[in-house]
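One structure is given here, and the rest of the page talks about it.
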Amino acid sequence: MARIRVLVVDDHRIFAESLAAALAAEPDVDVAAAGSGPAALRALERAAAEARPYDVILVDAELGVPAHGGAPVLPAPRQEEAALVDGISLVAGVRAARPGVRSVVLAEKDDPLCAARALQAGASGWVAKDCSLQRLLTVIRGVLRDETHLPPALLTGVLRELTTARKHRTESEQLVESLTPREREVLRCMVAGLGRKAVAERLFLSPHTVRTHMQNVLGKLGVHSTLAAVALARRAGVGPAEPVTVELAGDVVERGSQLA
């Protein structure tokens, strides 16, 4: 029997332990649990290094978000770590680094906008946290067959959000295309978070010239701040001039019945 390796990623201890224990009772499922995004990334990396990659990750839609407006349900030393990677960011990171791993988002409520963002980030499914175990197993096995699973009640809203996002992306792409090659380089540096001096050093230009290019970029994009320019650039699919490497640390428990 082919076994399915599942990683539950949720910072709510009771839910994570209960779900992992339920999945572990299935004869063809191996399950582990991680209490934060960084912990999940470490688990995925270690599993890949040991040639035991995970097949599916189940990610809390509100990973790292304070519960009911209060503090995260985590021991104090891990609160900062958990905030480093939210659920949607984790899905996007896994899609980029581990394309063979399927992501399913677990949500307490239906949210078309959040579900659309999850799909855009690379999620293969969106499931209510209070669904039956049988329904969750159906989704897990379905995404491994390259199926996409959404609750029927969400379909119209998600399609509307995706259509709107595509329209905004097209408009943003057209604006970016109006830039000169040098202005696009400057924009990519802005997306990377580089200041005027750093951009000048990177592109071998004077700070005054960089300032002029930045002003031209803002004018052509029709925005009034660097933050707005960066947001528009990201919608258009413009990446940073250089990757930003963030070293993350976290703990992971390899048994579904325990979550550190």
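Under 5 Å between amide H atoms, partner at least 5 residues away or on a different chain: which partners does G35 have, H built in plane at 1.01 Å? Sorted by chain and number, the residues that satisfy this are V253.
The Cβ shell under 13 Å around A92 holds other residues with a net charge of +3, Lys and Arg each +1, Asp and Glu each -1.
Need one number: the % of Cα-Cα pairs in segment 175-217 sitting beyond the 18 Å mark. Beyond 18 Å sits 14 percent of the P(r) for segment 175-217.
In segment 90-227, a dipole from Cβ-located charges (positive for Lys and Arg, negative for Asp and Glu) runs towards its positive end, and of L175, C189, A123 it is C189 whose Cα lies farthest in that direction. Based on Cα contacts under 8 Å between residues 6+ apart, segment 119-231 shows a relative contact order of 19 percent.
Entry note, segment 80-143: relative contact order of 33 percent, from Cα contacts under 8 Å with a spacing of 6+ residues.
Judged by the mean number of other Cβ atoms found within 10 Å, the most tightly packed of the peptides 35-42, 15-22, 118-125, 233-240 leads the ranking 35-42, 118-125, 15-22, 233-240. The distance separating the Cα centre of segment 200-245 from that of segment 1-32 comes to 44 Å.
Computed from the coordinates by the stated procedures, all read-outs in this text should not be read as laboratory data. Keep in mind the model is a prediction, meaning the values are calculated, not measured. We place every Cβ from the backbone using ideal geometry, glycine too, and count neighbours over all the protein chains shown.
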